[in-house]
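Throughout, read-outs are computed from the coordinates displayed, never taken from laboratory work. Since this is a predicted model, take the numbers as computed values, not measurements. A quick note on method: Cβ atoms are made from the backbone with ideal geometry, for glycine too, and the neighbour counts reach across all protein chains shown.
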Amino acid sequence: MATAVSWEEFERQAPEPAKVARALLDERRHKVLATLRKDGGSGRSGVNNLLCKGGG
């Protein structure tokens, strides 16, 4: 099973991808998160995010 890491840890371990990801996430307030289940079905959720210093 995968283990989640904080945004700060992600920035420490992979600064360039984190920089690109932050720019994309900060570009617009509303996003759509799309997933694919094991059975091939899809799921979509509207999400809002806000990244703050300190991973909040």
### Query
Ranked highest first by average number of other Cβ atoms within 10 Å, how do 13-25, 36-48 line up?
13-25, 36-48
### Message
Could you work out how much longer the chain between R22 and K38 gets when fully extended? Use 0.36 nm per residue separation minus the Cα distance between them, nm to one decimal.
### Response
2.9 nm
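If you wrap a convex hull around the alpha carbons of the range 1-47, what volume per residue comes out, as a whole number of Å³? Don't skip to the answer; put the middle values down first.
On the way: hull volume 4.8 nm³, N = 47.
Each residue corresponds to 103 Å³ of Cα convex hull volume.
Residue separation times 0.36 nm, minus the C-alpha to C-alpha distance between A14 and N48: what's the value? Intermediate results must be reported in sequence, preceding the final value.
Details: separation 34, 0.36 × 34 = 12.24 nm, distance 2.34 nm.
Answer, rounded to one decimal: 9.9 nm.
If I stretch the segment between A4 and R29 completely, what's the gain in nm (0.36 nm per residue apart, minus their alpha carbon distance), one decimal?
On the way: separation 25, 0.36 × 25 = 9.00 nm, distance 2.28 nm.
Roughly 6.7 nm would be gained on extension.
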